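Notes follow the structure.
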Amino acid sequence: MPHQKLNLPQSWVLMIAFLTLLIPLLILEYPLLQYSKGIFIYPQDEAYIRMATAKGLAFHGVWGLSGQEFNSASSSILYPMILAVLYKLFGTHLLFPFLINLLAAVVCIMVFKRWLLRQGLTPISQALTLAAIILLTPLHVLVAGGMEHMLQVLFTILFIIKFCEWLAAEGQQDHKRRTLPWNIYALGILMTATRYEGLFVVLVTCMALLIKRKPLLCITFGLVSALPVIFFGIYALHKNAYFLPNSLMMKAIPVPLDGDAVQRFFKDDLFIRLIYPYNTPGSIAATRLLIVLPLLYWLVFHHLCEQTLYRNMLLFSLAVTILHLAFVNVVLFFRYEAYLIACAAFITSILIAQYKGARLPQRSGLARWMVVWTSVLLLYPFFSRSWTAHEEAFSACLNTYEQSFAAAGFVHQYYNEATVITDDIGATSYLNEGKIMDLSSGIGYMEIARSREGSYLRVEYADYLIKQERPLLAIINENKYGRGLLQHWVKIAEWYTNNKIVSRDTHLSIYSLDSLSSPVLKERLQAYEPSLPSAVKVVYP
């Protein structure tokens, strides 16, 4: 009986893709909404930092968490601006970040599907390619995360497509004076405005232009694409802050500037970072791309010699991956490397669909099983990362609801305009009008950021800041603070939970900074106790 190919109606491709996105999203969000009684919760406090920044921008004209002073806590320039426009038009709502990301995911699917159709992929290949991007990234976790990473995936893949198409056309035609299309410049600006990692893509683009002997285009594109970073950095310096956001200054790997540091970086650090990843699914999967992409290039090499578009896309993705792994900590929460996984899944799925069986001679017996075993070892981290991302997103939402959001709700009810010390600055800033003192990381408090960078953060300096700002209470994870500071405060209560996905501890400690106000704080905590999530256990020392 002759073999029949599986046929799929073209109209089913989008439906399958949307279901692949929405079903896991529903599985993730429905039990969370039931537990939180309809309150939409995001897995990380960083989402609320974007929302608080947008709120300050929309209603106070200030880029900051409290609306009282400039604060560069958000590592995205564009995303808080988009939220600020929505807040100004419709008022603040917890659902807006989710809706923005869901819309971006839908646009991703539709735009990528249209491009795959232009490449001549069959409907079943289109559906499988879109499913690979959706499930391996995974897109539903980015949507539920409520941050700018979904936009980063969209803009990065679109840019790689457009620029590599331009490169391929340059190789076929003798247009030495040909300029870049306006949409490439626009996407370059959008990438860097969305996430600072967009600068890696810009750098790879400039290197490609130099290889093509187009130095003027290289300089022009680099400067134009970096405009959001340059303008915002100058504005931040004018406000007596760092050129880069505090979150980048506190978390990013420092760029080596002196001779010894450069030599040590290339001799030891770079090799270690590329070969020995952190023991997390996200870091292992991102590092595994350094094997998968070159191996794929070798398997379809003869086809890539003819199809320069795909070759450029694959090499481009590999170069961006190397830069990212060299300078970014790929550790927590599957969002930093998400755009790398999405780009790799996109080009890999296309090449598999277009060149099935390339360089794979017929083998039997043990040789075939060795190929299967090698493939499992190479690809397992990507599926493990996707599954773990879903599970930890759920647990992180519970953790955020039981700790960060509960603390923010208490402050909103009793200390809405007061100065408060807290670690989870986003939710508390978003729900309240008072100033937030971030004594642990410095992401939301410039004085602490400077003291950490200058290595003069001491108990005496923290006490000095407290006397200046006069906070009324502290809601903190104790393991981030030394005893020298805590001994001056009065512990009133502790909130215990079962989760520590986001926080460093399973409990929050509530302190009064003034012994005279301690009875009032305890009375308010007792009154608020029925409003806490059911899993939170309260202990009064």
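The values are calculated or read from the model by the stated rules, or taken from the named source; none is laboratory data. All of these numbers come straight from a predicted model, not from anything done at the bench. Here Cβ is always computed from backbone atoms with ideal geometry, including for glycine, and neighbour counts include all displayed protein chains.
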Checking ALA168 against (1) in contact with a Ser or Thr (Cβ under 8 Å, 6 or more places away or on another chain); (2) part of a helix (DSSP H, G or I); (3) buried (at least 20 other Cβ atoms within 10 Å of the Cβ), only one condition comes out false. Which one? (3)
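Okay, residues lined up against (1) out of contact with any Ser or Thr (no Cβ under 7 Å at 6 or more places or on another chain); (2) crowded, with 16+ Cβ neighbours inside 10 Å; (3) within 19 Å of GLN403 (Cβ to Cβ):
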site	(1), (2), (3)
ILE39	yes, no, yes
ALA47	yes, yes, yes
LYS55	no, yes, no
GLY61	yes, no, no
GLN68	yes, no, no
SER72	yes, yes, no
PRO80	no, yes, no
ALA84	yes, yes, no
Please work out which one of (1) aromatic (Phe, Trp, Tyr); (2) under 17 Å from LYS239 (Cβ atoms); (3) touching a Gly at 6+ places or on another chain (Cβ under 6 Å) is the condition TRP63 fails and give its number. (3)
Could you pull out the residue among VAL224, VAL201 that is within 17 Å of HIS324 (Cα to Cα) and outside the structural domain of TYR310 (by TED's automatic domain parsing)? VAL201
Just the residues that are within 18 Å of TYR336 (Cα to Cα) and either in a helix (DSSP H, G or I) or polar (S, T, N, Q) (or both), please, taken from segment 183-202. LEU190, MET191, THR192, ALA193, THR194, GLY198, LEU199, PHE200, VAL201, VAL202
State all residues of segment 117-155 that are small (Gly, Ala, Ser), farther than 15 Å from PHE346 by Cα and assigned to a helix (DSSP H, G or I); if no residue qualifies, say none. ALA144, GLY145
Kindly provide the set of residues from segment 486-531 that are surrounded by 18 or more Cβ atoms within 10 Å (Cβ to Cβ), assigned to a helix (DSSP H, G or I) and either without any contact (Cβ under 8 Å) to a residue 60 or more places away in the chain or of a type in the set (Gly, Ala, Ser) (or both), ordered by number. LEU521
Output the residue which, of all residues in segment 197-219 that are surrounded by fewer than 16 Cβ atoms within 10 Å (Cβ to Cβ) and of a type in the set (Val, Ile, Thr), is nearest to the chain's Cα centre (by Cα). ILE219
Could you tell me whether segment 13-36 includes any residue that is closer than 27 Å to ALA418 by Cα and either over 18 Å from the mean Cα position of the chain (by Cα) or not hydrophobic (A, V, I, L, M, F, W, C) (or both)? yes
Taking only segment 411-427 into account, find how many residues are in contact (Cβ under 8 Å) with a residue 60 or more places away in the chain and either among the aliphatic types (A, V, I, L, M) or crowded, with 24+ Cβ neighbours inside 10 Å (or both). 7
Residues (assigned to a helix (DSSP H, G or I) and under 18 Å from the mean Cα position of the chain (by Cα)) located in segment 277-316: PRO281, GLY282, SER283, ILE284, ALA285, ALA286, THR287
Failed criterion for LEU128 (all others in (1) closer than 30 Å to PHE98 by Cβ; (2) surrounded by 22 or more Cβ atoms within 10 Å (Cβ to Cβ) hold): (2)
Here are some conditions: (1) closer than 29 Å to PRO533 by Cα; (2) of a type in the set (Ser, Thr, Tyr); (3) at pLDDT 95 or above. SER66 meets all but one. Which one does it not meet? (3)
I'd like the residue in segment 428-463 that is at pLDDT 85 or above and in a helix (DSSP H, G or I) and, out of all such residues, is surrounded by the fewest Cβ atoms within 10 Å (Cβ to Cβ). LEU431
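Being of a type in the set (Asp, Glu) and more than 13 Å from VAL411 (Cα to Cα) is the filter here, so list the residues in segment 425-455 that pass it. Working first, answer last.
Of the residues in segment 425-455, the ones of a type in the set (Asp, Glu) are 433, 438, 447, 453.
The answer is ASP438, GLU447, GLU453.
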Can you name every residue in segment 464-485 that is closer than 28 Å to GLU392 by Cα, part of a strand (DSSP E or B) and not small (Gly, Ala, Ser)? ILE475, ILE476
